[in-house]
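See below for the structure under consideration.
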Amino acid sequence: MTDYFEVHDRDGAARLGELRLTEPVTTPALVAGADPDDPNADSRVDTDDDAASTGDDAGYSRHPDTAAIIRDGGSLWTDDRAVPDGEADVLTILPHRAFPAGTREEVIDSFAPSWPAIDGPSAAVISGDAPTVIVDAGESRGESTDDTGAATDDTEAATDDTGTPPVDAFVLSNAQGVVGHASAFVDAVVRTREAVPPDTALYLAGVATPRNVATLVYAGVDLVDATAARVAGSRGRYLTTDDERFLEDLRELPCSCPACRVPRSEFDRRDCERHNVNVLAGELRRVRQRIREGRLRDYLEGQARHDQWTTATMRELDQEYSYLERRTPVVRDEQVTAATDDTLRRVEIQRFAERVTSRYRCRFDGPLVLVPCSARKPYSESQSHGQFRDAIQYRAHLVSMTSPIGVVPQELELTYPAQHYDTVVTGEWTETEKTFVADVLRAYLRRTDYPRVIAHVPPDGYRDICERVAADVDVPFEFTVADHPTTTDSISSLMQTLDGEEKYRKRERQHNTVRAIADYQFGDGAGDALFPDLQTTSRYPKLQLRDGEGEQLATMVPNYGVLSFTLAGARRWADSAAPTKRVEIDSFVPRGSVLAPGVVDADEAIRVGDEVVVEGPDAFAVGRAQMFGREMRAATRGVAVKVRHVEER
């Protein structure tokens, strides 16, 4: 368990946390050594302008953004080490044996030391080649200490009641051997993060630069140092967030940090070290802000255009879908920026497409009308979709085609991320976009049972997609656009094609919308299982859902396009055949939130933002998850569930 680290916010695998030293540190953060002879202690900048001109060492101090201080307990390869005393103001790295990248797992296991509990923040060194050794920390494996406090080889590792070592952070010993190799780096970080407790920090030493630190954090790294940036500067390599250059190739300094406020002729390698650390610290500030906004991926996609390793690493991480998916919220307010084909591989996009083609059920009997998306979200508020709606007059089911989302049934136009994305509009489609949207549309049509499809889409990209899909499905396609979907001739053609079709009633539209959202949110068939006797009150999109006797069960949340249960609705959910996401708690009545230490068990399928039922001996409640299920079970700090309604038992 951890006493000194807590995660406060998440953006996929990236976390905004707090390392609770004497002065709390917001992570991801820059760390430095506490001892003057520690290489990491050189993360420095000038503290005044005179120091830059005089070169006086007295003008140096640790960089103000170096928030966390570490003290290394030493290597057990060279000597026995006394168990260090814990200190509240530093993160103590316990005595360790580090292994280079590529070391065989059985070798690592044979020499793995124990991690004694100390009174203060601590970190253990592990290898990404064998991170699973920590889950067996309760077994006899490696060193402990004798009566003098020196390391011995014959006692069991210190662990807490869960069998995990009592540390607050882990240091990846093979970091320098894997950073630079996208596949090896992703494998090491993913294996480590999946093996260690979720509420512990991950520190990669000696690898961070301004160009790669956003990628490190996106993968799940919490702590870095300035060693690599400083060494690069000492070798005359001038680092920026998108490139590195040799000093002799610079005719002017493309930066205005304190180190660069000197004439180019006076700027030397010592200044270059300071500059590199300044830029790294500034990039970490930017990364933290991006995590707060939930938009680190947007930033990374832009940065990937400048660096091959960043691009390769992001794409390798996209292949680790389960790792990213369980850590990615199901709803949020932030916009998804779709500017490259890499956006199609984002968890939010893939998850929406998967749920639409495996959970969503169309309850309308008439034909399907496919229309292009609109720049304005939600689509129904756009001028073009207003024209489509006037022409259709609720005589057909409306589905929008779009990149990067795929297809969006009208009932789900508010559901994240359907109203939360913005894309580059050029009228041109890449082959990757066409293939993705065609695959989603094909899977969607194979799951539904429309009598016919009316493709009211413009030529080129949209029509090409429809023609590809039409050749693979049994339902007939009709095309109603000759030039542009909103011209008078096109709208007239659409209206004529729907002649004779019956209009859907308002009640039917509202009930189908609610049940479709329930299918998407809770699972296939959930809409019928939860709302067999549905009544709706209030106005769309703030519909209130009631049972046959008028008791309110849920409310539609227009910001996210999901349902929010009352206690009565939560009880019905818990008793229904619909998949229920449950959190079991200890004997207490939660007030406002459930903290992780109070969680006894939680469903594996829970994701951040999910609606959850909370049950315990003394209480029944409903709320929204703030952690994913595995994290709730393993974490010892942090808010697990924000409780909306609770009743005592």
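The values are calculated or read from the model by the stated rules, or taken from the named source; none is laboratory data. For clarity, every value in this text was computed on a predicted model and none was experimentally measured. Neighbour counts are summed over all protein chains in view; Cβ atoms, including those assigned to glycine, are modelled from backbone coordinates with ideal geometry. Accessible surface areas use protein heavy atoms only, side chains included; no ligands, DNA or RNA. Shrake-Rupley method; radii C 1.70, N 1.55, O 1.52, S 1.80 Å.
Segment Ala471..Asp601, full-extension length gain: 41.9 nm, with 0.36 nm per residue of separation and the alpha-carbon distance subtracted.
Rounded if a/c is under 1.5, else prolate if a/b beats b/c, else oblate: with a ≥ b ≥ c from the C-alpha gyration tensor eigenvalues square-rooted, which is the range 533-649? Prolate, since a/c reaches 1.5 and a/b exceeds b/c.
Positive end of the dipole of the chain (Cβ unit charges, origin at the Cα centre): among Thr78, Tyr540, Leu498, the Cα lying farthest that way belongs to Leu498.
Computed extension gain for Val107 through Lys506, at 0.36 nm per residue and net of the alpha carbon distance, reaches 136.8 nm. Rounded to the nearest 20, the size of the Cβ-charge dipole of the range 476-566 about its Cα centre is 480 debye, with Lys and Arg at +1 and Asp and Glu at -1.
Between Asp464 and Tyr321, the FRET efficiency estimated from the beta carbon spacing at R0 = 25 angstrom works out to 0.35.
Given contacts defined as C-alpha pairs under 8 Å and at least six residues apart, what's the relative contact order of the chain, whole-number percent?
After rounding, I find 10 percent.
Each residue was assigned an accessible area with a 1.4 Å probe, and for Phe522 the value is about 10 Å².
If you sort Ser173, Ser322 by accessible surface, 1.4 Å probe, largest first, the order is Ser322, Ser173.
Return an integer: the convex hull volume of the alpha-carbon atoms of the range 558-607, in Å³ per residue. Display every interim value, and only then the final one.
Working: hull volume 6.5 nm³, N = 50.
Enclosed volume per residue, from the Cα hull, is 130 Å³.
Taking all protein chains as shown and a probe of 1.4 angstrom, Lys542 keeps an accessible surface of around 130 Å². Classify the range 208-349 as rounded, prolate or oblate from the Cα gyration tensor: take a ≥ b ≥ c as the square roots of its eigenvalues, call it rounded if a/c is under 1.5, otherwise prolate when a/b beats b/c and oblate if not. Prolate, since a/c reaches 1.5 and a/b exceeds b/c. Here the Debye sum runs over all C-alpha atoms of the range 178-272 as equal scatterers in vacuum, and log10 of I(q)/I(0) at q = 0.13, 0.15 Å⁻¹ comes out as -0.54, -0.66.
Note on the range 375-487: with neighbouring protein chains present and a 1.4 Å probe, carbon and sulfur make up 45 percent of its accessible heavy-atom surface. For the range 470-594, the gyration tensor built on C-alpha atoms gives a prolate shape. Its axis ratio a/c (a ≥ b ≥ c) is at least 1.5, and a/b is the larger of a/b and b/c.
Under a model in which nothing but the beta-carbon of Lys, Arg (+1) and Asp, Glu (-1) is charged, the chain shows a dipole of about 2960 debye around its Cα centre. Solvent-accessible surface of the chain, taken per residue with a 1.4 Å probe and all protein chains present: 41 Å². With respect to the cross-link table entries Lys377/Lys642; Lys506/Lys642; Lys506/Lys542; Lys581/Lys642; Lys542/Lys581, which display a Cα-Cα separation exceeding 26 Å? Table pairs above 26 Å Cα-Cα are Lys377/Lys642; Lys506/Lys642.
At 1.4 Å probe size, with the rest of the protein present, what percent of the exposed accessible area of the range 217-300 is carbon and sulfur atoms? Mind showing how you got there, number by number?
Working: 1470 of 3590 Å².
Carbon and sulfur atoms account for 41 percent of the accessible area of the range 217-300.
Unpaired Cys in the chain, meaning no second Cys C-beta under 4.7 Å: Cys257, Cys272, Cys362, Cys373, Cys466. Per residue, the convex hull around the alpha carbon atoms of the chain comes to 178 Å³.
For a protection proxy built on the mean count of beta-carbon atoms within 10 angstrom, sort 403-414, 239-250, 572-583 highest first, please.
403-414, 572-583, 239-250
In this simple spin-label model, placing a label point 7 Å from the Cα along the Cα-to-Cβ direction at both Gln496 and Thr426 gives a separation of 3.6 nm.
Among Pro24, Leu398, His420, which residue has its Cα furthest toward the positive end of the charge dipole of the chain, with +1 on Lys/Arg Cβ and -1 on Asp/Glu Cβ? Checked the options; the winner is Leu398.
Only beta bridges with both residues in the chain are counted; by DSSP, about 55 percent of them are antiparallel.
Legend: helices of the chain (whole DSSP H runs) are marked when their alpha-carbon atoms reach 18 angstrom or more along the helix axis and their mean Kyte-Doolittle hydropathy is at least 0.5; nothing is marked.
Distance from the Cα centroid of the range 165-187 to that of the range 258-297 is 24 Å (rounded to whole angstrom). Relative contact order (percent) for the range 428-508, with alpha-carbon contacts under 8 angstrom and 6 or more residues of separation? Worked out over the range 428-508, it gives 28 percent.
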